[in-house]
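One structure below.
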Amino acid sequence: MQGLMVKDDAVKSIFTENLQTHGAYCAREESLKREEEAGDIKFVCVSNNNIDEHMIWLIELKNIFTRQLPNMPKEYIVRLVMDRRHKSVMVIRRNNAVGGITYRPYFSQKFGEIAFCAIASNEQVKGYGTRLMNHLKQRARDVDGLTHFLTYADNNAVGYFIKQGFTKDIFLEKERWHGCIKDYDGGILMECKIDPKFPYTDLSSMIHRQREAIDEKIRELSNCHIVYPGIDFQKKEAGIPKRICKLEDIPGLKEAGWSPDQWGHTRFKYFNASPDGTVNPKLTGFMLSVLKATLDHVDSWPFDKPVDVRDVPDYYHVIRDPMDLKTMSRRVESEQYYVTLEMFIADARKMFANAKNYNSPETVYYRCAIRLEAFFSSTVQVGLQSFLHFQQ
Ligand code: ACO
């Protein structure tokens, strides 16, 4: 296609830079995964097995639990952590436990009960809790053969468990768990179904791949990645183009669904531009008469020319898109600029809005803007009515 330029880099950036590629979730998971790969942290699963190193870690974990779960009796925590039917998945850094989850697998019922879950206070909300849970799920599925977890979540930890995929609705058949787990006061029973396939410890790569697949699909269905060259558009004074650029020559316009019959199309059909693209002379005459009446109005003086920066030094810092009656007159006289009446009215509205934005309501400029705007609107309306009448 002539004039079409698809830049590979631009395409890529639309799908990778403009869109969010890493949520906080992925960023934290990836950073912890890298730490794991570098050997700075490790996730282990241990139980009371008389191995010295494991016993030290278990005692450190027990200490984290007693500090982080003050409502739990210490003796109860020690008992379960050291109970040989319980296992503890822990995050270890520099040979010290940073946090962990103690759970009891019920192998025949294929579910596990999470007894305690905590991260040392100075390490919370850094992603350890999530990565720990992901390691736990992967291990519980692949090593223990479990399909579900149940836990009595502390009221203030419900938010964390919801983010880890736990629900307050229990779908697991009651016969599978009833009688196995004890009721706790002050906690909410929550359930998590372990997915049979999810790569829990590599979720961020999966999310990346899914995102790429979605981007690929969007590229198939949409053309928003196609970048066309810009147009050489130089303006004279008052924003009037130096050289008229034919609309059909604007790269990408037709491809975006534009057709030549839309050129100069206006609500006021009798002012439609002619097919060769020139402004309707009736429209030019109409706009000139409205402008003349507006300029003759007693309140037009603040608007008759562009604001002088020597009088109002900060004006152009505040008003980024200025407009005035002189600029509008030039645009009308160029017979190239205002192709529709709507464009002319839009410039006038912008001029009045600028005045009301920059000046406060008690100022003379603001009041002039209010009165002149009312006059301008009625002049356009009355003018259109008499124009129509004259046409009939
Ligand atoms: N309530 C609501 N949201 C939480 C909570 C909480 N108490 N703690 C963490 N989150 C959110 C985080 O803001 C984060 O959200 P985001 O992904 O939208 O940013 C998400 O959960 C995961 O955060 P992580 O950094 O992975 O979690 P963290 O390492 O802090 O571990 C934990 C969470 C274990 C709850 C930790 O905060 C903790 O030890 N808290 C005190 C002890 C506790 O309450 N344990 C649970 C008791 S219930 C039980 O043991 C069965």
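Derivation of every value follows stated rules applied to the coordinates shown; laboratory data play no part. Predicted, not measured: the structure shown is a model, and the values here were computed from it. Cβ atoms come from the backbone with ideal geometry, glycine included; neighbour counts cover every protein chain shown.
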Rounded Å value of the spacing that divides the Cα centres of the range 80-133 and the range 184-263: 42
Residue by residue through the range 54-71, which ³J(HN,Hα) values in whole Hz follow from phi under the Karplus form 6.51 cos²θ - 1.76 cosθ + 1.60 (θ = phi - 60°), with glycine and proline marked x? 5, 5, 5, 4, 4, 5, 4, 5, 4, 5, 5, 4, 5, 6, 7, 10, x, 7
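Using only the Cα atoms of the range 40-200, build the gyration tensor, take square roots of its eigenvalues as a ≥ b ≥ c, and label the shape rounded, prolate or oblate: rounded if a/c is under 1.5, else prolate if a/b is larger than b/c, else oblate.
Cα axes put the range 40-200 in the rounded bin.
Please go through the range 70-114 and write out the chymotrypsin sites (Phe, Trp or Tyr not before Pro) that DSSP classes as loop and that have at most 16 other C-beta atoms within 10 Å. Display every interim value, and only then the final one.
Values: sites: Tyr76, Tyr103, Tyr106, Phe107, Phe111; in loops: Phe107.
Taking the range 70-114 and a limit of 16 other Cβ atoms within 10 Å, the loop chymotrypsin sites (Phe, Trp or Tyr not before Pro) found are Phe107.
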Going by average Cβ neighbours within 10 Å, how do the peptides 122-132, 179-189 rank, with the highest at the top? 122-132, 179-189
Using θ = phi - 60° and the Karplus curve 6.51 cos²θ - 1.76 cosθ + 1.60, what whole-Hz ³J(HN,Hα) does each residue of the range 89-100 get, with Gly and Pro shown as x? 8, 10, 9, 10, 10, 6, 6, 10, 6, 9, x, x
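For a quick check: sort Cys117, Cys245 by the number of other beta carbons within 10 angstrom, fewest at the front.
Working: Cys117 25, Cys245 13.
Ordered by Cβ neighbours within 10 Å, fewest first: Cys245, Cys117.
Tell me what the chain gives for mean residue ellipticity at 222 nm when only DSSP H runs of n ≥ 4 count, each as -39,500 (n - 2.57), the sum divided by the residue total, rounded to 500 deg cm²/dmol. Don't jump to the answer; show the numbers that get you there.
Details: 13 runs with 169 residues, N = 392.
Calculated from helices alone, the mean residue ellipticity at 222 nm is -13500 deg cm²/dmol.
Give me the dipole magnitude in Debye, nearest 20, for the chain about the Cα centre, with unit charges on the beta carbon: positive for Lys and Arg, negative for Asp and Glu.
On the way: 54 positive and 52 negative charges, 113 e Å.
My answer is approximately 540 debye.
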May I ask for the Rg/Rh ratio of the chain, computed from Cα atoms with Rh as the Kirkwood radius, given to two decimals? 1.27
Write down the percent of antiparallel bridges among all DSSP beta bridges whose residues are both part of the range 40-200, to the nearest 5. 90
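Determine the dipole magnitude for the range 40-200: charges of +1 sit on the beta-carbon of Lys and Arg, -1 on that of Asp and Glu, nothing else is charged, the reference point is the Cα centre, and the result goes in debye to the nearest 20. Intermediate values should be presented prior to the final figure.
Details: 24 positive and 18 negative charges, 56 e Å.
In total the dipole reaches around 260 debye.
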The ³J(HN,Hα) series, computed from each phi in the range 173-189 with the Karplus coefficients 6.51, -1.76 and 1.60 at θ = phi - 60°, rounded to the nearest Hz and given as x for glycine or proline, is 4, 4, 4, 6, 10, 4, x, 7, 10, 8, 6, 10, 7, x, x, 10, 6
Taking springs between alpha-carbon atoms closer than 10 angstrom, which of Tyr270, Tyr25, Tyr338 fluctuates most in the Gaussian network model of the chain? Tyr270
